[in-house]
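These notes are about the structure you will find just below.
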Amino acid sequence: MLQKFDISWIQDYIPSSVNLKQTILLGSLGFAVFSSGHFIWFLITPLFSPLRSIKSPPGGSFVLGHMPISRKVPTVGAWHRDQLRKYGHVFVYKVFFNQDRLCTTDPKALQHVLNNSFIYQKPSENRYILSRLLGNGLLFVEGDVHKRQRRIMNPAFGTLHIREMTEIFITKSNELRDVLKKLSTSNPSQETAEWTPIEMLSHLSCTTLDIIGLAGFDYHFGSLDHLVRGDRDESELSFAFSQILNAIGGFTLLGILKMWFPIFRLIQFDRRSRIERSSQRTIQTIGRKLVEERKQMLKEDMEKGQVSKAKDLLTLLIRANLVEGGTSGQRDKTLSDEEVMNQIPTFLVAGHETTSTATTWALYSLASHPDVQTKLREELLAFPSDTPTMDKLNGFEYLDRVVRETLRYHGVVQGTTRVAERDDIIPLERPFTDKYGIVRHEIKVKKGDGVLIPIRVVNTLQEIWGDDSEEFNPDRWLDPPKRSASLPSAWGNQLSFIAGPRACIGLRFALVEMKALLFALIRSFEFKLAVDASD
């Protein structure tokens with residue numbers, strides 16, 4: 001009996017203006033690619049990888065590997081944790097097209113992978129997704145280009161500049177506080193009610209978008225105002241950015257083929273590709289305008305002998321460019337205008353949803369632990385002003401413990417993947433036994449082998465954090481587990497901001513912003529869950 005396949009998805013990618021012959025031609029081209037020697041080599045490469053000697057769970061499909069199984073579990077990282085219990089602290093699982101991926105929680109191995117960023121880089125398919133959104137921004141580039149961009153950008157994210165930006169964090173956090181106060185009293189049915197149900201993620205997301213707009217490139221999104229009014233009058237940049245995020249979000253057959261087989265990227269007539277191109281043009285147009293305006297403003301200030309009072313990251317980068325370009329003229333000490341422009345979507349990606357999501361999880365945990373929330377509120381209310389400085393925010397000891405525990409326990413990024421650019425040997429803190437019964441003290445990898453850094457799993461690993469590793473407990477930071485000191489970490493004895501040359505450059509920005517939001521909210525409101533936690 002013949003099996004029927006649903007191909008209705010094709011209609012979504014073929015507008016009426018496209019000739020069917022063109023579609024058939026492109027399909028034939030795709031078939032040729034699948035039949036090519038390159039594709040065959042891609043499929044048989046795992047057969048020669050030393051990773052095949054490592055224990056691996058059974059099952060997994062040829063196309064999607066263990067990915068669907070690992071994502072069906074109710075708790076993020078639960079499947080990987082189960083495999084680690086079965087096979088030890090080193091195992092291998094299957095991903096797309098039968099490719100092997102190494103997973104380990106060994107601190108020494110993780111340190112090696114994260115510190116050697118020239119050997120272990122983002123997978124090409126991940127970089128393809130990032131390139132569609134970010135251009136050649138800091139999150140996309142690798143090797144010497146990343147090293148140069150990072151070195152030039154580091155000062156803009158230093159303590160001095162974050163201290164100056166704290167005023168923006170506090171002002172916008174207090175604006176959110178005032179909006180929530182109005183919401184809690186504006187509805188007549190809520191006047192006598194003790195609690196007001198509010199969807200916090202949307203409000204926090206709009207607030208952090210407004211913050212990164214001002215602190216990142218002095219751009220006024222007005223996102224929180226639009227949310228309060230309930231209108232659709234988004235800024236042009238915000239709309240373009242949301243459009244492109246929606247376009248690249250989710251998996252489609254054509255999207256997967258484009259990720260793994262570059263020849264399919266020639267197909268540009270589908271709806272998603274058209275949305276991407278239109279949104280990219282908008283982002284680039286606005287980005288160039290912002291860069292030119294800042295350059296002109298800074299040049300005029302320099303001619304007048306004045307120092308610009310602008311505090312945003314974009315202005316800081318352009319100012320550094322003008323100073324270095326004027327004094328040394330060396331290309332390796334400056335960013336091109338195109339590189340500076342590409343940092344705008346990078347700032348939006350790295351500094352928007354990540355902080356709002358982390359702060360939402362903090363509120364969730366505080367609502368689930370009223371004693372912790374009460375203790376935090378008492379500490380914050382003891383401060384006599386609603387406009388603390390960065391140093392004051394960092395001086396609240398219990399607030400710091402709550403933020404550390406939120407990022408450890410929940411984490412915004414659940415994991416990150418690297419691919420070996422050449423053959424290598426990964427050292428281990430503890431040996432493991434392979435599937436042939438041989439004890440191994442190191443892991444051999446070949447060029448092209450993938451490695452998962454399981455951030456969420458490591459941050460909640462019982463052997464590191466103790467029996468309460470999967471519980472929210474800020475007091476653990478009074479005396480952090482000694483084992484956590486062995487983890488590769490840019491901050492807080494945890495993997496949340498990873499480590500090494502590609503550690504999160506904006507971690508200070510994110511931490512102070514998150515503390516500012518919690519300061520304003522916890523001082524003014526008591527939070528409890530509007531629905532049961534199981535829902």
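The values are calculated or read from the model by the stated rules, or taken from the named source; none is laboratory data. Only a predicted model underlies this, so the values are computations on that prediction, with no experimental measurement involved. In this analysis, Cβ positions are derived from the backbone assuming ideal geometry, glycine residues included, and neighbour counts consider all displayed protein chains. Note: areas computed on protein heavy atoms with side chains; ligands, DNA, RNA excluded. Shrake-Rupley method; radii C 1.70, N 1.55, O 1.52, S 1.80 Å.
Under 11 Å from the Cβ of Phe525, count the other residues' Cβ atoms, weight Lys and Arg +1, Asp and Glu -1, and hand me the total. With Lys, Arg at +1 and Asp, Glu at -1, the neighbours total +4. With contacts taken as Cα pairs under 8 Å and at least 6 residues apart, the chain reaches a relative contact order of 23 percent. Computed on the Cα trace of the stretch 381-454, the radius of gyration divided by the Kirkwood hydrodynamic radius gives Rg/Rh = 1.29. When Rg and the Kirkwood Rh are both derived from Cα coordinates, the Rg/Rh ratio for the stretch 44-196 amounts to 1.14. Shape of the stretch 334-373 from the C-alpha gyration tensor: prolate (a/c of 1.5 or more and a/b above b/c, with a ≥ b ≥ c the square roots of its eigenvalues).
Ranked by the mean number of other Cβ atoms within 10 Å of their residues, highest first, the peptides 75-88, 384-397 fall in the order 75-88, 384-397. Could you tell me whether the stretch 117-217 comes out rounded, prolate or oblate from its Cα gyration tensor? Rule is a ≥ b ≥ c as square roots of the eigenvalues, rounded for a/c under 1.5, then prolate if a/b exceeds b/c, otherwise oblate. It comes out prolate by the Cα gyration axes. The residues packed around Cys103, meaning those with a beta-carbon under 13 Å from its beta-carbon, carry a net charge of +4 if Lys and Arg are +1 and Asp and Glu are -1. At q = 0.20, 0.21 Å⁻¹ the log10 of I(q)/I(0) for the stretch 314-443 amounts to -1.11, -1.17, computed by Debye summation with a single uniform scatterer per C-alpha, solvent ignored. Beta bridges per DSSP, both residues in the chain: antiparallel share near 85 percent. Given a 1.4 Å probe and the protein chains all in place, what does the accessible area of Met259 round to, in Å² to the nearest 10? Answer for Met259: close to 20 Å² accessible. When +1 charges are put on Lys and Arg Cβ atoms and -1 charges on Asp and Glu Cβ atoms, the dipole computed for the chain relative to its Cα centre reaches about 1960 debye.
Per residue, the chain exposes an accessible area of 49 Å² to a 1.4 Å probe, with every protein chain left in place. For the stretch 380-535, with all protein chains in place and a probe radius of 1.4 Å, 48% of the accessible heavy-atom surface sits on carbon or sulfur. Note on the stretch 353-410: Kirkwood radius taken over Cα pairs, Stokes-Einstein applied at 25 °C and 0.890 mPa s, translational D equal to 204 µm² s⁻¹.
Calculated on the Cα set of the stretch 398-535, radius of gyration then Dmax: 18.4, 61 Å.
Taking one quarter of the surface of the convex hull spanned by the alpha-carbon atoms of the chain gives a direction-averaged projected area of 30.7 nm². Positive-end ranking of Phe169, Ser117, Ser205 along the dipole of the stretch 113-209, with charges on Cβ about the Cα centre, is headed by Ser117. Rg/Rh for the stretch 66-134 to two decimals, with Rh computed the Kirkwood way over all alpha-carbon pairs. Reported Rg/Rh (Cα atoms, Kirkwood Rh): 1.00. Restricting the stretch 433-489 to chymotrypsin sites (Phe, Trp or Tyr not before Pro) that sit in a DSSP loop and have at most 13 other Cβ atoms within 10 Å of their own Cβ leaves Tyr436. For Lys108, the solvent-accessible surface with a 1.4 Å probe is about 100 Å², rounded to the nearest 10. Ordering of 252-258, 172-178 by packing is 172-178, 252-258, highest average first (other Cβ atoms within 10 Å, averaged per residue). Neighbours of Lys86, meaning other residues whose beta-carbon lies under 14 angstrom from its beta-carbon, give a summed charge of +3 when Lys and Arg score +1 and Asp and Glu score -1. Dividing the convex hull volume of the alpha carbon atoms of the stretch 257-326 by its residue count gives 130 Å³ per residue. Computed over protein heavy atoms with a 1.4 Å probe, the carbon and sulfur contribution to the accessible area of the stretch 115-161 reaches 55%.
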